[in-house]
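The values are calculated or read from the model by the stated rules, or taken from the named source; none is laboratory data. Just so it is clear, the structure is predicted and the values come from calculations on it, not from any experiment. Don't worry about glycine lacking a Cβ; one is built from the backbone with ideal geometry, like all the others, and counts go over all protein chains shown. Each accessible area value is taken on the protein alone, full model and side chains, heavy atoms only, with ligands, DNA and RNA left out. Shrake-Rupley method; radii C 1.70, N 1.55, O 1.52, S 1.80 Å.
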Amino acid sequence: METIEVEVISKEIIKPSSPTPPHLSRYQLSFLDQLSPPVYNTCVMFSFQADSDFNSEKLKTSLSQGIPFLEAKVKCQISDVIKNPVPTELNKFIPFESGQMTDLALGIQLNIFECGGIAIGSCISHKLADGLSSFMFLKSWAATARGELEILPPQFVSATLFPPRNISGFSHGARLTKEKNIILKRFVFSTAMIEQLREKYGDTKSLENKTRPTRVEALSVFLWSRFITALQVESVGTEAENPFYAIFHAVNLRTRIEPALSEDSFGNLFRIVMTIPTSGEEGCDLVKKMRDEISHIDSENVRKLQEGFEHLDFIKDISEKVFKGEMISFAVSSWCRFPLYESDFGWGTPVWVDFPPFHAKNVVVFVDSKSGDGIEALISLEEQLMKFFESDKELLPFLLPNGN
């Protein structure tokens, strides 16, 4: 389905259930929150059929916050969207434009299909929450909506662990793009195909701990190799004569700090790790290099992150290089094993979770497939590079047909 008609029929601000105590009227950003881009984390959760007595008031009451809540009618069947999802059309299912940050921390849009199916679109400020925190919030909200009484509250420890700092001179502009030729596509790898890649890159003699590449390591290296090939074939690059290339991984800090934090620790609790491949470096050698770089993020590294300005200088430096065209980046995030499909509002967990386009190019986000049998790679590229990916004879044999 190429075009979806979505009509917003109501907009309101959900009134808080009780006055906000003075000591909770302001939320303190952490240092890592300050460095996070001014965009929204967005997702759309699809469910075939809500309860026969479904009433949106239950969702509103369970929120009980001063946030926008929109209701919309979708003039098609839910299966029409799920069978042939178009990322740009999903912008119609969320309350804000994901790349245009407002003063609102959260917004919800309830979309009701002609068949009775529903889709809940959410926008959560990336200045407040990373991917895991966003999904944990949705899971807790769903539990509240279905009447659960024992819900673990979020742990607001990020600003204590990473106090805010003066970051004057830092701009997020180089990390985001307003270009219109950026396309998001989903590429689905089955477990069997991922195992082939793990074997392909699995020279354990050269790898730390003699363990095979993880699923994310194998897919990162494979997609990096196709990205570099695409740049060469399509002659896409920058004006710089000799740009250098870098792979960036977002690393979850919750398990790397001492003592370790629980998954309900709220905020932006990740840092960026850079790997610089040498020309032609791939396979197990690149797996080893990536693994070595990520392994440096241990409790001692986190302590330095808490105490120094090294990470701020690092982010400033790479942002400047990307802005000037001196660096071509390839950013990887893994949301595998995150609770994407655990938000049960009382009518079962989502049958499908999908995402509107990102506002950055050369980005890959990995998520587990609904069935658990494979990984979906959400890839955001310039149109010219995406055309190469869609016809790449080295890539296509590893993919499930039609992104199913």
Some residue of segment 243-251 being farther than 15 Å from Ser334 by Cα, open to solvent by less than 50 Å² (accessible area, probe 1.4 Å) and more than 22 Å from the chain's Cα centre (by Cα) | yes
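Table: residues versus (1) at pLDDT 95 or above; (2) exposed (fewer than 14 other Cβ atoms within 10 Å of the Cβ).
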residue	(1), (2)
Leu110	yes, no
Gly117	no, no
Lys139	yes, no
Thr144	no, no
Glu150	no, yes
Asn166	no, yes
Gly173	no, yes
Ile183	no, no
Glu199	no, yes
Would you be able to tell me the number of residues in segment 121-156 that are within 17 Å of the chain's Cα centre (by Cα) and not hydroxyl-bearing (Ser, Thr, Tyr)?
-> 15
Within segment 331-356, residues closer than 25 Å to Met274 by Cβ and either crowded, with 16+ Cβ neighbours inside 10 Å or hydrophobic (A, V, I, L, M, F, W, C) (or both) come out as Ala331, Val332, Ser333, Ser334, Trp335, Cys336, Phe338, Phe355
For segment 11-49, how many residues are open to solvent by 40 Å² or more (accessible area, probe 1.4 Å) and of a type in the set (Gly, Ala, Ser)?
-> 3
Is it the case that Lys73 is touching a strand residue (DSSP E or B) at 6+ places or on another chain (Cβ under 6 Å), touching a residue at least 40 places away in the same chain (Cβ under 8 Å), of a type in the set (D, E, K, R) and open to solvent by 60 Å² or more (accessible area, probe 1.4 Å)?
-> yes
Among (1) open to solvent by 50 Å² or more (accessible area, probe 1.4 Å); (2) touching a residue at least 60 places away in the same chain (Cβ under 8 Å), where does Leu59 come up short?
-> (1)
